[in-house]
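The values are calculated or read from the model by the stated rules, or taken from the named source; none is laboratory data. Bear in mind the structure is a predicted one, so any value in this text is a computation, not a measurement. Please note: Cβ atoms are built from the backbone with ideal geometry, for glycine as well, and neighbour counts cover all protein chains shown. SASA here: full protein model, heavy atoms, side chains in, ligands and nucleic acids out. Shrake-Rupley method; radii C 1.70, N 1.55, O 1.52, S 1.80 Å.
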Amino acid sequence: MSLSGLTMSSVRLNGAARAPSARRSRTLTTRIAAGKKTPLDALKEENALLKETIADAEASVQEMTGELEVAGVDPSSKAPLVASAEPETPEDLWSPSQEPAPGGEFVEEYGLMSPVPEHDGTSCLQWDDSLWSHADHFRYRWNMFKSIRHAIDVNEGGMDQFTQGYKYYGLNRGEHEGQKGIWYREWAPGARAIALVGEFNDWEPKTEHWAIKNEFGVFQLFLPDKADGTSAIPHKSKIKLRLETDSGETVERIPAWVKWATQEWNEIQFNGVYWEPPEKGTPGVIEEGKSYTFKYPRPPRPRHLRIYECHVGMSSEEPKVNSYLEFKDEVLPRIRKLGYNAIQIMAIQEHAYYGSFGYHVTNFFSTSSRCGTPDELKALIDEAHRMGITVLMDIVHSHASKNTQDGINMFDGTDAMYFHGGERGYHWMWDSRCFNYGNRETLRFLMSNSRYWVDEFKFDGYRFDGVTSMMYHHHGLQVAFTGNYDEYFGMATDCEAVVYLMLMNNMLHDLFPSIVTIGEDVSGMPSFCRPWYEGGVGFDYRLQMAIADKWIEVLSECDDNSWNMGNIIHTLTNRRYAEACVGYAESHDQALVGDKTIAFWLMDKDMYDYMAARGVGPQSAVVDRGIALHKMIRLLTMTLGGESYLNFMGNEFGHPEWIDFPRDDTYDTSTGAFIPGNGGSMDKCRRRWDLPDSEFLRYKDMNYFDMAMQHLDKAFGFVGAPHQWVSRKDEGDKVIVVERGDLVLVFNFHPTQSYSDYKVGCQNPGTYKIVLSSDEEIFGGWNNVSCYNDTEFVAHEAHGYDNRPYAFQVYAPSRTVVVYAPASFCDASAPGSATGVPGLAVKGKGPYFGM
């Protein structure tokens, strides 16, 4: 008998074998619940008790070893397995792994649809009395919302059933007259006939492969299983439908609800694929021929988001298309280590043209096959959940690719169907099709799509792309929104689209209570982020898009002495009361070819020759300035830009150059101008992870600072803290002083002036210490101000300043930001500990720790 096959629980940790330890644990829980211990004290005592438990277990193992030897059994010489009593890495402490779902398999628990409140749609006006001038518009759209919701409840079996169209349309397992098989259903009212073709019938339909059309324009076909019980269409086999249009033309289409579509390396067009693994897999394990079963529950909804915007395909260090599994194994650990609590994945829905960045969708229910299979995407999401990371999807419902061969444009041979017919159905700027949100089947298609990815793939929410284009007939093009309410609530507003968004938010938030929805709206429509049940559009967050434009304006048009502190602060804080925003200094938009990232605006060509670490290679004042301002811009944006924060993959370490997807020569569809391609190169369509990983390059400086920023928020929760106050925005000194939560942040943007004994106002009295300084050597600074000095700064009432009740004095070096926190929450030795975050002097996990 070998002890290597025994676990602790099988030795002595089960049952009452060690009752004293169990009693101690229960006593500790009682004390914590009674509030007699601080969280840090409780953690210390918990660790001490755990050590005692482990010691007890060791003794038990030794006792059993002796008993086995006496019995003549030769135990293994391997040391007994001992669980680690304390976290060993920063990730263990700050981003602990989640436990598997009860029973080992995650089972979704759905909420119930709420009744429609009995008001007239003006409940959301309580947050802005000036909106009463347009109350009739709110009443109009509320009545439209109620009417559609009522029609769905009465005629469609309710919203729950209506939004599960993917279980009815497309190809699904089912029964007919007692026989098991595959049902295929497709709404194509303009078509005369439809047959299903594919590898299963050698691409030639037999009589039994033609579908029957009902009075609602829905074609239905049932394919019974073979005599041996196997499916008539094998799993992973290619399929298409052969459709006869009303004009008599025969065309081939990919089923609109298909769950996977692929393109062979030697083919131009995509094929639909029947995706239906015949067996259920082991939870958390990818098995060939078996469906992926989720093992981990959804993480709790974050108090606010720190979003890592990412693209799986371009996430490789190599010039290639990366896979879901490679992203899971190689990129997710980086995101966890940095401290982000959410990822926002782009380009999930299948898109025939890779260079569209995923925004010209062809197959709405299909995962992008370039990166792998649907089950491999599920494994990625499950692993993110294990890490406690919320997974958002960048979803496109604002338009669709006009591709007729691979997509849903002209699906049944007509110009409309899911889209508006004629000119209204075409987006002249994007060269794409515009949905008809007033069409019942379009509503079914899109609302089922928004549910599908959450229900089947366990996405935790969405970033809805191009919402401004949806909400206005002019698509927000060639229009300057000034804030006049007539611009939002008039004839230019597409109320059908707005009501679709209300219905979608209603459904998602009711059925999936932890869902997060973010809307990309540049117009600033009032009530956009008020709940649907108040008459608002219902989003949780709006993307604060003006901030990135402001930083580009400052960097491209102003010298360092001309930066207007007040104007910058106005842009950062200019958002509607009680409507939450996601702030960001730059997203994927600024990284695309033809634009520049902040790092490239700051350092430009010097990034090619002067990014060597100090003492390793030549240095540049341009790079010194660039790294300093890169850190300050991002932390100022994170502090004031909204109630959540976003960063695009790689920008945290100042990724050089731009993103350029492989592309051929083409023409601008709106102007006719020639656009040269790049010969299909993928050299600029990747992420250079080797740069921040190198100890000999300065990219690591910015990477470490971003990590410290994210963990500062984990510890203090300042990004979403209700208390926000800008006490100083000095144009002469170029100094900004901000209070957010318990923190006081001092930004000195002056290019040359440092200030000694600089007076800083604050809300609370007491002793402060430095918890984070951008001037730390590990962040590429000069150590003029360091948390390691453990200096105390005492705020006195008599020293009140800048209309704040208290004040203290600091040293503010040029081009630095220093963060001060109550001294009781700081520990200068923390950054050097095994679980510490470099450059972050937080005691334990801080006073308001949250993932």
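Per DSSP helix of 4 or more residues, -39500 (n - 2.57); summed, then divided by the residues of the chain. What does that give at 222 nm, rounded to the nearest 500?
Rounded to the nearest 500, the figure is -8000 deg cm²/dmol.
Kindly identify the range 593-678 as rounded, prolate or oblate by the Cα gyration tensor criterion: order the square roots of the eigenvalues as a ≥ b ≥ c, call it rounded if a/c is under 1.5, otherwise compare a/b with b/c, prolate if a/b is larger, else oblate.
oblate
At a Förster radius of 56 Å, what calculated FRET efficiency corresponds to the Cβ-Cβ distance of ILE268 and ALA798, to the nearest 0.05?
That pair, ILE268 with ALA798, gives E of 0.15.
Of the listed values (1) 42.9; (2) 49.2; (3) 54.5, grab the one calculated as mean projected area of the Cα convex hull in nm² from the structure here.
Structure-derived value, by its label: (1).
Peptides 511-517, 225-231: what's the order by average Cβ count within 10 Å, highest mean first?
Descending mean neighbour count gives 511-517, 225-231.
Under 8 Å for C-alpha pairs, at least 6 residues apart: give me the relative contact order for the range 765-851, rounded to a whole percent.
Dividing the mean separation by the residue count of the range 765-851 yields 33 percent.
Distance cut-off 26 Å, Cα to Cα: go down the list LYS240/LYS295; LYS238/LYS290; LYS236/LYS328; LYS550/LYS843 and report the pairs above it.
Among LYS240/LYS295; LYS238/LYS290; LYS236/LYS328; LYS550/LYS843, the Cα-Cα distance tops 26 Å for LYS240/LYS295; LYS550/LYS843.
Remind me, relative contact order of the chain in percent, using alpha carbon pairs under 8 angstrom and six or more residues apart?
Relative contact order here is 10 percent.
For the chain, what is the accessible area per residue in Å² when the probe is 1.4 Å?
Solvent-accessible surface per residue comes out at 40 Å².
Nearest-5 percent of antiparallel DSSP beta bridges in the chain?
Just about 70 percent of them are antiparallel.
How much of the accessible area of the chain, probe 1.4 Å, is carbon plus sulfur, in whole percent?
Exposed carbon and sulfur together represent 50 percent of the surface.
Based on alpha-carbon centroids, what's the gap between the range 388-407 and the range 758-782 in Å, whole number please?
Rounded to whole Å, the Cα centres lie 43 Å apart.
Count the net charge of all other residues whose Cβ sits under 13 Å from the Cβ of GLY850, scoring Lys and Arg as +1 and Asp and Glu as -1.
+4
Cβ under 12 Å from GLU288's Cβ, GLU288 left aside: what net charge do those residues give with Lys, Arg +1 and Asp, Glu -1?
So the environment of GLU288 carries a net charge of -2.
I'd like the FRET efficiency for SER694 and TYR485, computed as 1/(1 + (r/R0)^6) with the beta carbon distance as r and R0 of 56 Å, rounded to 0.05.
For SER694 and TYR485, the calculated efficiency is 0.60.
Could you work out the local net charge near TYR788, counting Lys and Arg as +1, Asp and Glu as -1, over the other residues with Cβ closer than 12 Å to its Cβ?
Within the 12 Å Cβ shell, the charges total -4.
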